Amino acid sequence: MRNAKENADLTAYHAHMDFHFSQQDGIGVLNLSGSLIGETDGLPVLEAFGDQLSQGITRYVIDMTHLNHINSTGLGMLITLLTRARKAGGEVVLANPSGFIQNLLVITKLHTIFSTFPDADAALAQLNAGA
């Protein structure tokens, strides 16, 4: 049984998500870290993504190297990003999803609409090859 401190640490661990956009060769790279489990986690990402799209960036790598957990709300956000990018003539690919996230993509059949790559470099190379 967990004590109160362990429960507090677990809650803090799961309740925080950070993100950072960068650009490489005209491709947006979205680095996610922490846990993408709530609507409030995804809203700032969606707003920043919209800003990136308005600047003409339509191809994206979502680097999941430091993303620890995702739930259905987070998956919905990923689908929204993909839909927005494709409507603009672009694409979203996923880099380095954990085994848990990879299994979740299979269970939800999202592996059929998202391309996944072992790392951001491989994902960038694929998007550059398809340009």
Note to self: Scan the stretch 35-50 and tell me whether some residue there is open to solvent by less than 50 Å² (accessible area, probe 1.4 Å) and touching a Pro at 6+ places or on another chain (Cβ under 8 Å).
What the structure shows: no
Next item on the list: Name every residue in the stretch 79-100 that is among the hydrophobic types (A, V, I, L, M, F, W, C), modelled with pLDDT of 95 or more and in contact with a strand residue (DSSP E or B) (Cβ under 8 Å, 6 or more places away or on another chain), in order of residue number.
Entry: 81, 82, 85, 92, 93, 94, 95
Check: Looking at the stretch 43-53, is at least one residue without any contact (Cβ under 8 Å) to a residue 24 or more places away in the chain, touching a strand residue (DSSP E or B) at 6+ places or on another chain (Cβ under 9 Å) and within 17 Å of residue 80 (Cα to Cα)?
Finding: yes
Margin query: Regarding the stretch 9-28, can at least one residue be identified that is of a type in the set (Val, Ile, Thr), exposed (fewer than 14 other Cβ atoms within 10 Å of the Cβ) and modelled with pLDDT of 95 or more?
Written below: no
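Being within 14 Å of residue 19 (Cα to Cα) and in a helix (DSSP H, G or I) narrows it down to one residue among 53, 43; which is it?
Result of the check over 53, 43: 43.
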Next item on the list: Considering every residue within the stretch 23-37, establish whether at least one is free of Cβ contacts under 8 Å to residues at least 60 places away in the same chain, more than 24 Å from residue 90 (Cα to Cα) and assigned to a strand (DSSP E or B).
Entry: yes
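The values are calculated or read from the model by the stated rules, or taken from the named source; none is laboratory data. Bear in mind the structure is a predicted one, so any value in this text is a computation, not a measurement. Heads up, the Cβs are rebuilt from the backbone with ideal geometry, glycines too, and the neighbour counts pull from every protein chain shown. Note: accessible area is taken over every heavy atom of the protein model, side chains too, but ligands, DNA and RNA are not part of it. Shrake-Rupley method; radii C 1.70, N 1.55, O 1.52, S 1.80 Å.
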